[in-house]
1. Specify the inter-centroid distance of segment 1-52 and segment 77-98, based on alpha-carbon positions, in whole Å.
2. Mind giving me the nanometre distance, one decimal, between the label points for ARG89 and TYR304, set 7 Å out from Cα along Cα→Cβ?
3. Can you give me the relative contact order of segment 150-212 as a percent, contacts being Cα pairs under 8 Å and 6 or more apart?
4. Between ILE186 and SER110, what's the calculated FRET efficiency when r is the beta-carbon distance and R0 is 45 Å? Round to 0.05.
5. Using mean Cβ contacts within 10 Å as the protection proxy, how do 381-392, 119-130, 5-16, 50-61 order, highest first?
6. Give the peptides 269-278, 284-293 in descending order of average Cβ contacts within 10 Å, highest first.
7. Kindly flag which residue pairs out of LYS6/LYS187; LYS339/LYS361; LYS57/LYS111 have an alpha-carbon separation exceeding 18 Å in this structure.
Amino acid sequence: MWRYFKSESFAFWMICLYLFLEYVRPQSIIPELDFLPWTQLAVLGSLAGCFIDKTVKWTSTRLNLLLFLFFILILISSAFAFDSSISYRYLENFYTWLIIYLLVINIVNSKNRFFIFICIFLLASFKLSLSLSITWAMRGFAFTGWGLSGPPGFFQNSGELAIQMLVYWPVAFAIAIALKSYVTRIKYYILLLMPITGIMVILGASSRGAQLALFVQLILLNFRSIFKVKVLVAFSIILFSLWNILPQEQKERFQVAGDDRTSIQRLFYWENGYEMMKSHPVTGVGYFNFVKYYESFFREDLLYERAELPHNIFIQVGSELGIFALVVYILSIVYVYLKTAQLRTRMISSDDDYFYIPFLKYLNISLVGFVVAGQFVSVVYYPFLWIHFSVFVCLINIVGATNISKFRQGRRNG
C-alpha cells in the first residue's frame with residue numbers, strides 16, 4: 001500500500017493530506033507548525049491536481065443534486081435572513097464541505113485509493129481514541145465536567161469528540177472483521193483496539209447524547225437476534241459492564257436528565273426553534289441566525305447569559321433554513337441509509353469484496369450514531385455527515401455498479 005501510495009497522483013496525495021491535517025491537527029498540537037493555512041492549501045492542491053489526473057472524472061449521483069439544492073436554499077435563506085451579514089460570514093461553513101465532498105468522490109475512485117483513504121481516517125481517529133482512553137484510564141475512569149477533549153478544531157469539545165467516535169468505531173470494527181482472516185492474531189487484536197478505545201472515549205466524554213447513541217447502535221447491531229438466549233445474555237453482560245464503567249456522577253446526570261438547567265434550556269431551544277419554523281416556514285430565520293433571533297425574541301426563555309445553537313441538527317436546519325431545506329436534509333440522510341442497505345443486500349460475495357460487505361453493514365451503524373447524537377448537539381456543519389456522504393458515494397462508484405449489474409444478471413439467469 002505504501003509503494004502504491006507513492007506512485008499515486010498529486011490530487012490523491014493532497015486529499016489524503018487534507019484528511020490527515022483535519023483529523024490529526026498537527027498544526028494545532030505543535031504551534032510551531034501553524035505558520036501556514038495547511039488545510040486550505042491541501043484542498044487547493046487537490047483541486048489543482050484534478051486537472052492533471054486523467055483518472056479523475058465527474059461523478060454523478062442523486063446525492064449531488066440534493067446537496068446542491070441544500071446549498072441553494074442556504075443562499076436564499078441568507079438573502080432573506082434576520083441578519084444577512086451573519087449568514088454571509090458563515091457561508092464557508094457549508095460550501096467548504098461541499099467542495100471537499102466533490103473532491104473526495106471524484107479523486108477516490110478505485111479500490112486501492114479507497115482502502116488507503118479509509119486507513120488514514122482510521123489511524124487519525126485511533127490516534128485520538130488511544131491517547132484519550134489512556135488519559136481516562138490514568139485518572140481512574142473518574143468523572144470530570146469537561147469529559148475528554150481533543151485537539152483544537154472540530155473535536156476539541158467532548159460532545160463533538162464523542163460523535164467522531166460514534167462514527168469511527170463501527171467502521172473500525174468492520175475493518176477488523178474484514179481483515180481477520182488476512183492478518184496474524186496479534187495484528188487482529190491491535191485492530192480490535194480501535195473500536196474498543198473508541199467506545200471507551202464515548203463513555204469517558206461525559207456526553208449523555210453520545211452514550212444514548214451508542215446504546216442505539218448496539219441495539220441496532222443485534223436487533224435480529226436480540227431475543228435469542230445467548231445473544232440476550234451476552235448483550236446484557238456488555239451493557240452491564242458499560243454501565244459499571246461509567247462514573248457515578250455520569251449516572252446521576254442521566255437520572256436528572258430533563259430536570260437540570262442544561263436540559264431545560266435545550267427544551268426551550270427546541271420548543272422555540274419549532275416556533276421559528278412555523279413562523280418562517282419557507283426560508284427560516286436565516287442561515288446561522290438562530291442565536292441572534294433567539295436573543296431578540298425569546299430572551300424570557302434564556303437561562304444563561306447568551307443563547308447557543310439549538311443543540312439539535314433538525315431544529316437547527318428547520319429553524320434557520322426553513323422546512324424545504326429540512327426536507328432536503330432528511331431526504332439526503334434517508335437516501336444514503338437506504339442505498340447503503342440496498343447495496344449490501346445486492347453485494348455478490350467474492351474474494352475482491354471481502355472488505356466491502358461488512359463495511360457496508362457498519363457504515364449505516366455510523367450514520368445512525370450521528371443522527372441520534374445529533375438530536376442533542378448542533379453539528380450540521382461539522383465533518384461527520386459530509387465525510388460519510390463522500391465515503392458512501394465512493395463505495396457506490398467503486399463496487400456498487402458492478403455488483404448491482406451482477407445481481408440483476410443473476411436474477412435473469414435464475
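Just so you know, all these numbers are worked out from the coordinates, no wet-lab data involved. Bear in mind that the values here come from a model prediction, so they are computed numbers and not experimental data. Cβ coordinates were reconstructed from backbone atoms using ideal geometry, including for glycine residues, and neighbour counts include every protein chain displayed.
1. The distance from the Cα centre of segment 1-52 to that of segment 77-98 comes to 27 Å.
2. 1.8 nm
3. Value for segment 150-212: 43 percent.
4. Details: r = 30 Å, r/R0 = 0.66.
Using R0 = 45 Å, I get an efficiency of 0.90.
5. Answer by packing, highest mean first, reads 381-392, 119-130, 5-16, 50-61.
6. 284-293, 269-278
7. Numbers: LYS6/LYS187 24 Å; LYS339/LYS361 11 Å; LYS57/LYS111 16 Å.
Beyond 18 Å: LYS6/LYS187.
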